[in-house]
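Structure record follows, encoded as structure tokens.
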Amino acid sequence: MLQKGIIRSILEHDKGGKILITLLLVAAVIVPVLNLLLPETSPFHLSAYNVTLWGKYLCYGLLALAVDLVWGYLGILSLGHGAFFALGGYVMGMHLMREIGSRGVYGHPLLPDFMVFLNWGELPWFWYGFDNFFFTFFMIFVVPGILAFIFGWFAFRSRVTGVYLSIITQAMTYALMLAFFRNEMGFGGNNGLTDFKDILGFSLQEDTTRSALFALSAIALIVGYLICRYITQSRAGRVATAIRDAESRVRFLGYRVEHFKLFIFVVSACLAGLAGALYVPQVGIINPSEFSPINSIEIVVWVAIGGRGTLYGAVLGAILVNYFKTWLTTAAPEIWLYFLGAIFVGVTLYFPKGLVGLLHKMKKNQKVNIAKGEAKP
Amino acid sequence: MCRTIFSLLVGLLIFSTAAHADELDTLLQELHSKSFSIKANVVDKLGELDDPQVINILQHMLEGELYYTKKDNVTVFAIKEKSLYSLFNARTQEPMGQVKKREIKKISVNNSLRRQLRATIANLSLFNKDPQKRLQAAEELLKNFDPEQEENIRKALEKETNSDVRDVLQSIKATIDLNSNEKSTRLAAIEYLGESLSQETINQLNGLMAKDSNGEFLEKDKEIRQAAEKAIARIESKRVWYGQVENLFFGISLGSVLLLAAIGLAITFGVMGVINMAHGEMMMLGAYTTYVIQQAFPGLLEVSLIIAIPAAFIIAGLFGIAIERTVIRHLYGRPLETLLATFGISLILQQLVRSVFSPLNRAVSTPEWMSGSWQINDALSITYSRVYIVIFSLLVLAGLMLFMKRTFFGLQMRAVTQNRPMASSMGINTGWVDAMTFGLGSGIAGIAGVALSQLTNVGPNLGQAYIVDSFMVVVFGGVGNLWGTLVGAMSLGIINKFMEPFTGSVLAKILVLIFIILFIQKRPRGLFALKGRSVED
């Protein structure tokens with residue numbers, strides 16, 4: 001009862017959020033049912049491919065949520081959130097690699113295939129512990145969190161703001177990408193980590209596992225949304241919004257701006273890490289290209305299109321853009337980059353508040369029900 | 001009396017040359033033999049003849065162009081022309097008309113004979129009149145040394161006047177002396193070799209330090225071993241020094257590439273404050289302009305780069321002006337939005353290039369005058385293309401500085417960036433100045449693309465590879481300061497190259513990035529921060 005009360009208070013005056021969470025809850029139940037219980041001949045049967053695809057979109061949604069938390073409410077345009085996402089993914093990937101055990105191509109009981117291939121004698125120290133799921137689960141938040149903490153500690157204390165901060169976040173993910181491309185790093189170099197077999201003993205090829213991962217992604221997105229909403233509605237969240245709008249004034253009022261920034265930045269990085277960790281078992285691979293700067297910028301575009309500073313708008317944007325991406329890259333791969341580029345330009349020039357802003361405007365003018373726009377995903 | 005002696009002498013001289021000529025003739029006749037051992041013998045004897053024609057004859061023999069006529073056994077050079085052979089008398093070089101294949105017989109050579117011929121030719125060339133030929137011959141001998149030629153080398157060394165050739169000959173002699181029986185000769189040879197720089201010398205000296213399978217030194221004399229060890233250390237320390245010089249130069253050349261990439265950005269980002277993520281794509285356009293010009297005028301390859309420079313400037317500049325007028329103009333004062341919009345533009349430009357030119361890398365050729373390298377000594381050589389890039393980047397920077405400081409447009413530009421409303425009230429068309437400034441920055445990026453086309457692959461991702469680096473340089477050097485850009489680019493280039501030997505190139509790059517990230521924390525406005533009012537955001 002108490003929990004319900006908290007959730008209700010978090011979602012107060014948040015119509016978009018309520019709709020989003022309801023939809024996600026429904027999806028978390030309906031999608032596995034459509035996939036598992038209906039026979040393949042049924043017109044309503046959902047293929048495993050689609051379950052995984054939508055599970056992937058939900059992970060992107062969570063990632064977009066993380067970016068919206070720092071960009072929409074704190075004014076930090078992070079061009080490096082892909083790095084936190086990828087780190088979470090690598091943590092999960094390491095666990096899945098260890099789960100393969102002796103079933104790899106080379107059949108080594110301890111070493112993953114790529115290490116045998118590179119003639120490594122023993123497991124590097126940082127690979128220990130990842131055979132344990134609970135340790136892995138812990139590290140999914142700790143690894144991106146620590147990176148965000150160290151990075152933010154230096155950046156916010158010395159008051160690097162605005163564009164400079166954006167550029168050094170980009171440099172951060174670029175540097176990590178270069179580092180992970182190296183075989184010597186011990187993360188599979190160019191090829192990354194792949195050929196996963198199962199998670200917690202359930203085969204990743206099974207439809208049930210895929211449906212479960214989808215449901216988990218939906219639940220993670222709900223929890224992530226509630227956390228973000230809770231933070232933004234709290235007193236700390238109000239200070240954060242104030243920092244976004246007038247940083248010096250907040251500082252002069254006596255708030256420790258860098259502490260607020262650091263806290264929210266780290267939370268956001270942890271969420272991004274979780275998104276990456278859920279993403280990897282569904283797509284079955286993690287490699288250094290996830291760190292590439294363009295991926296991080298693409299995330300920013302999802303948020304910008306959906307509507308910055310609304311949380312549910314970010315999720316909407318991520319799902320919509322990726323849905324279009326999947327569709328366009330198969331239908332007309334040439335056009336995808338033109339399209340992406342055009343929405344970058346178009347949104348910044350004509351819809352600075354994104355789709356959500358557009359819907360609000362339409363609602364004001366024509367009293368269109370906002371829920372219709374939400375019903376799409 | 002005098003006269004008689006003189007005529008006698010002349011007679012003798014004539015006689016001796018005549019005898020000489022006869023000997024050459026006889027030897028040539030003997031060459032017609034089928035037996036390779038006889039031929040080998042003859043070649044040896046030919047090598048001892050002091051006759052300038054011998055080299056020529058042996059050269060033709062080596063190339064399989066030495067024949068004799070079946071009818072009257074005259075030794076000839078036969079050069080194949082379509083189905084016929086043109087003959088030249090081997091002694092007199094006189095043409096003897098064209099004949100069919102069956103009228104002549106080849107003086108065939110086998111591998112061992114070929115080896116012998118090469119060595120003999122090299123040996124004879126040591127006494128050639130042309131110092132260039134002698135140098136070539138000596139270098140050839142240094143590589144494929146034959147102990148039997150020891151005597152010849154000593155003789156050549158006595159006669160040699162050219163210092164370059166002497167150096168090579170001395171090295172050969174020292175190599176021979178290493179195996180001498182006299183200890184003092186060997187020590188002197190080691191001492192001499194210690195002055196050299198080449199890797200081969202080190203290998204040679206290392207030979208003296210070799211051990212057999214029982215771990216015993218093959219060289220019994222301890223003193224010799226010590227001397228060799230010292231000599232190796234001396235060579236290596238010199239090579240390390242030259243290695244540092246080379247590194248410094250590589251650093252400067254990398255720095256000038258960074259400088260070229262960053263100068264345009266120093267204008268658009270540094271002076272105007274526009275975050276132009278499409279900057280890299282402006283470079284890409286410049287590189288593709290070079291490609292198109294080379295394709296359109298294949299005959300003008302040598303000057304294609306010189307044509308491409310203004311063309312790339314104009315094309316990239318026009319694109320820049322168009323972007324400024326249509327997009328960036330509406331986003332002044334909103335840096336984060338500018339960043340996103342220009343990123344979108346960069347995606348569109350990349351895809352445009354993919355659609356027009358294909359996603360594959362295009363090959364841009366290098367003109368003759370830019371290829372090759374400048375060999376300073378055995379340990380140090382510098383490629384010309386790098387030298388040109390260093391010079392070119394400095395020229396571009398100097399030109400831009402002059403333009404900003406000395407022209408009326410430069411004045412307007414600085415006025416607008418320093419105080420827009422005031423500039424506007426003085427009658428400056430600020431919108432026009434903005435467009436032109438952005439065009440200028442983009443145009444310079446296009447010029448940088450021409451230079452980059454000579455260094456890296458020209459493909460749709462060319463710009464992406466440089467965008468992060470360019471921003472780092474501008475931010476590191478200090479925004480709005482061209483000198484800062486110069487210092488920033490050069491120091492990053494040099495730091496990078498000096499770390500590479502210890503860390504490898506990727507790790508060096510990562511460390512430099514981390515260094516800059518930390519540096520920005522300490523000095524958020526770069527090395528050469530602007531002071532005064534313009535610091536305020």
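Summary table
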| read-out | value |
| --- | --- |
| Within the stretch A:332-358, considering residues that are assigned to a helix (DSSP H, G or I), more than 7 Å from chain B (Cβ to nearest Cβ) and aromatic (Phe, Trp, Tyr), the one surrounded by the fewest Cβ atoms within 10 Å (Cβ to Cβ) | A:Tyr350 |
| Hits in the stretch A:104-123 (condition: in a loop (DSSP other than H, G, I, E, B) and more than 22 Å from A:Ile199 (Cα to Cα)) | A:Leu118, A:Asn119, A:Trp120, A:Gly121, A:Glu122 |
| Qualifying positions in the stretch A:301-320 - more than 17 Å from A:Ser217 (Cβ to Cβ), part of a helix (DSSP H, G or I) and within 12 Å of chain B (Cβ to nearest Cβ) | A:Val301, A:Val303, A:Ala304, A:Ile305 |
| Any hit, the stretch A:287-294, residues being part of a helix (DSSP H, G or I) and at the interface with another protein chain (Cβ under 10 Å from one of its Cβ atoms) | yes |
| The stretch A:142-159, residues that are surrounded by fewer than 21 Cβ atoms within 10 Å (Cβ to Cβ) and facing chain B (nearest Cβ under 9 Å) | A:Phe154, A:Arg157, A:Ser158, A:Arg159 |
| Hits in the stretch B:329-349 (condition: more than 7 Å from chain A (Cβ to nearest Cβ) and part of a helix (DSSP H, G or I)) | B:Arg329, B:Thr338, B:Thr342, B:Ser346, B:Leu349 |
| Set B:Ala398, B:Ala451, B:Ala423, B:Ala415: member being touching a Ser or Thr at 6+ places or on another chain (Cβ under 8 Å) and either without any contact (Cβ under 8 Å) to a residue 60 or more places away in the chain or not assigned by TED's automatic domain parsing to the domain that holds B:Gly264 (or both) | B:Ala423 |
| Residue match in the stretch B:360-370 (condition: in the same structural domain as B:Ile263 (by TED's automatic domain parsing) and free of Cβ contacts under 8 Å to residues at least 40 places away in the same chain) | no |
| Residues of the stretch A:28-87 satisfying the condition of being outside any loop (DSSP other than H, G, I, E, B) and among the aromatic types (Phe, Trp, Tyr) | A:Tyr49, A:Trp54, A:Tyr57, A:Tyr60, A:Trp71, A:Tyr73, A:Phe84, A:Phe85 |
| Residues being exposed (fewer than 13 other Cβ atoms within 10 Å of the Cβ), part of a helix (DSSP H, G or I) and not aromatic (Phe, Trp, Tyr) - total across the stretch B:367-398 | 4 |
| Selection within the stretch A:302-320 - within 15 Å of the chain's Cα centre (by Cα) and surrounded by fewer than 24 Cβ atoms within 10 Å (Cβ to Cβ) | A:Ile319, A:Leu320 |
| Where a residue in the stretch A:37-57 is surrounded by fewer than 17 Cβ atoms within 10 Å (Cβ to Cβ) and its partner, wherever it lies, is polar (S, T, N, Q), with Cβ under 6 Å and at least six apart | none |
| Scope the stretch A:160-171; condition within 18 Å of A:Glu258 (Cβ to Cβ) and within 7 Å of another protein chain (Cβ to nearest Cβ); matching residues | A:Val160, A:Gly162, A:Tyr164, A:Ser166, A:Ile168 |
| Per-region count, the stretch B:438-459, residues surrounded by fewer than 24 Cβ atoms within 10 Å (Cβ to Cβ) and not hydrophobic (A, V, I, L, M, F, W, C) | 4 |
| Pair list, Cβ under 7 Å, 6 or more apart: the stretch B:513-526 residue more than 7 Å from chain A (Cβ to nearest Cβ), other residue crowded, with 17+ Cβ neighbours inside 10 Å and not hydrophobic (A, V, I, L, M, F, W, C) | B:Arg525/B:Gly478; B:Gly526/B:Gly477; B:Gly526/B:Gly478; B:Gly526/B:Gly484 |
| Cβ pairs under 7 Å, 6+ apart, first in the stretch B:465-477 and at the interface with another protein chain (Cβ under 7 Å from one of its Cβ atoms), second hydroxyl-bearing (Ser, Thr, Tyr) and part of a helix (DSSP H, G or I) | B:Val468/A:Tyr174; B:Val475/A:Tyr164 |
| Test for A:Val91: is it of a type in the set (Val, Ile, Thr) and either touching a residue at least 24 places away in the same chain (Cβ under 8 Å) or within 18 Å of A:Pro281 (Cβ to Cβ) (or both) | yes |
| The one condition in (1) within 13 Å of chain A (Cβ to nearest Cβ); (2) closer than 21 Å to B:Ile252 by Cα that B:Ile495 fails to fulfil | (1) |
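To keep it simple, each residue is scored yes or no on (1) at pLDDT 80 or above; (2) out of contact with any helix residue (DSSP H, G or I) (no Cβ under 9 Å at 6 or more places or on another chain); (3) crowded, with 16+ Cβ neighbours inside 10 Å.
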site	(1), (2), (3)
B:Gly11	no, yes, no
B:Glu23	no, no, no
B:Lys39	yes, no, yes
B:Val42	yes, no, yes
B:Leu46	no, no, yes
B:Ile55	no, no, yes
B:Leu58	yes, no, yes
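The values are calculated or read from the model by the stated rules, or taken from the named source; none is laboratory data. What you see is a predicted model; the values in this text were computed from it and never measured. A quick note on method: Cβ atoms are made from the backbone with ideal geometry, for glycine too, and the neighbour counts reach across all protein chains shown.
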